[in-house]
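A short write-up of the structure that comes next.
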Amino acid sequence: MNDVNRLESLGYKQELTRSLTRLTNYGMTLSVVSITSGVTSLFAYGMMTGGPIVMVWGWILVSLFTICGLYFWTANLVPQQYRSMVSWFTGWFNLMGQFAAVASVDFGLAMLIGSVISIGVGDWSPRPWHIVLIHLILILSHGIGNSLGRRVLLWITYVSTWWQLFAPVIVAIAVLAGGKGENHTATFVFTTFVNRTGWTSSVYVVLIGLLQAQFCLAGYDSAAHMSEETKQADIAGPWGMVGALVGSSFLGWFFLVSLLTGIHNYESTVKSATGFAVIQILMDNFGRTWTLIFMCTLLMACWFCGLVTVTSNSRMIYAFSRDHALPWSHIWQKIHPQLSCPLNGVWLSCTIGFLLGLPYLINSTAYSAVTSLCTICLYVAYGLPILCKLFSPIAFPHGPFHLGRFSTYINIIALIWISLIVVLFVLPTEYPVTAINMNYASVGFGTVLIISSLVYIFSARHWFKGPRTNVSSMTELKSSTNSEI
């Protein structure tokens, strides 16, 4: 069965052009995960919440648990009477997690750019409105990049795939080979515990310290969101997902270890005037000029990450709107005839991503809250299909890529892990808790849960039926198949 017929058998006609291969699906997923973006933005957070031992070993732990098209899967894993409800919540948590991902990636990049500019200029320090303005420029650039058509996007994906692989490796090798860090010992890197949170419980600090790794290794569902544009998607999608996670796990760990060996003074690195521990490490080891060169290399990797995150989010918007789950769905589900992309969905993603960055003007902890909200919502959406598969009486039809007899055990472990991190990442990270350092991810997650529940109870349950077929006849099936041939 070819890709078009396979999609038709699921109830959907082919509207997007299949131009992605196994490599480009993998490249897009690798770019969304982008360990460069997560590590550079949250390195100081890791240094305060457990330090090197949690960063290094926590990364391995999170990688193992994480490696173990959500909305559609959920709907088809439960009895008919629960189909609309579970697909509604899965879709909304996934969508809000992706909106938060767009905001967190681009806002983190905006803060990095502000810091790099301050190093280049010398006597300038970015204010909150400067960061928001840079964030807006980045969002617009990603909207434009996704509006240039599939050929341009495909070319960017090729470049991004290799950039995501080589950028952190180049910086890591440079630090290991030419760095002047004072802590080049294995004892420091693998055994040093640091608690600068104010909490007295070391166990609690270790657990909240896992956020850095968990955030870095989220977003792998983009392989599924791009499946309708991927050739041999039933094979390429799963391999893209697994391949990106395995590659990011090894690459990220190597990047982390190399940066830890380059630390000169722990205290001054955590409290760096640049605002970012990674920039301070590079400054201490290589000076201003080479720091700017290395950071520009890393910033490009982060920019690619933001671009492809918008791409993935727009496809989620398109799929969810196709089933009439969003307000004004008829607008967001449109495919631009020349560009072959959900153009309106692209700009909706950019708009929401920008709006989620505005609270930074009021509270500087807003960025941490958005990263936590991104992680929580995405993993809730990842967990619901697993939960449905375990407890649903409906037999799960295996595709060409499956886990065999290990499936149930891996699913149980995954659910336990997801339950743990969802609780952890709404908890405050500093003590005493104040209005300034409060983890507002709890507010964001609660808002998503309450609003989606109320809308479903009082409205959506009467009209939302879950995934809807848009194939009305065999004529459409033949026409669609012939157009692909």
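Would the stretch 118-128 turn up any residue that is acidic (D, E) and surrounded by 13 or more Cβ atoms within 10 Å (Cβ to Cβ)?
no
Among the residues of the stretch 186-227, those identified as surrounded by fewer than 24 Cβ atoms within 10 Å (Cβ to Cβ) and aromatic (F, W, Y) are F188, F190, F193, W199, Y204, Y220. Please specify each residue of the stretch 267-286 satisfying the condition of being touching a Phe, Trp or Tyr at 6+ places or on another chain (Cβ under 9 Å) and farther than 24 Å from R127 by Cα. The one that is touching a Phe, Trp or Tyr at 6+ places or on another chain (Cβ under 9 Å) and farther than 24 Å from R127 by Cα: F286. In the condition set (1) in a helix (DSSP H, G or I); (2) modelled with pLDDT of 75 or more; (3) open to solvent by 10 Å² or more (accessible area, probe 1.4 Å), D234 is compliant with all but (2).
Listed by first and then second residue, the pairs linking a residue in the stretch 141-157 that is in a helix (DSSP H, G or I) to a residue that is open to solvent by 50 Å² or more (accessible area, probe 1.4 Å), with Cβ atoms under 7 Å apart and 6 or more places separating them unless they lie on different chains, are G143/W347.
Based on what the data block shows, is A366 among the small types (G, A, S), open to solvent by 10 Å² or more (accessible area, probe 1.4 Å), touching a helix residue (DSSP H, G or I) at 6+ places or on another chain (Cβ under 7 Å) and modelled with pLDDT under 90? Criteria met by A366. The helices (runs of 4 or more DSSP H) falling completely within the stretch 1-94 that include 3 or more residues that are open to solvent by 10 Å² or more (accessible area, probe 1.4 Å) and modelled with pLDDT under 65 map to 3-9, 70-75.
Among residues belonging to the stretch 340-357 that are over 15 Å from V102 (Cβ atoms), in contact with a helix residue (DSSP H, G or I) (Cβ under 7 Å, 6 or more places away or on another chain) and not hydroxyl-bearing (S, T, Y), point out the one that is surrounded by the most Cβ atoms within 10 Å (Cβ to Cβ).
My answer is C341.
The helices (runs of 4 or more DSSP H) located wholly in the stretch 399-485 that include 3 or more residues which are at pLDDT below 75 and closer than 25 Å to G240 by Cβ occupy 474-484.
The values are calculated or read from the model by the stated rules, or taken from the named source; none is laboratory data. None of the values given here were measured: they were computed from a predicted structure. Cβ atoms come from the backbone with ideal geometry, glycine included; neighbour counts cover every protein chain shown. What goes into the accessible areas is simple: the full protein's heavy atoms, side chains included, and nothing from ligands, DNA or RNA. Shrake-Rupley method; radii C 1.70, N 1.55, O 1.52, S 1.80 Å.
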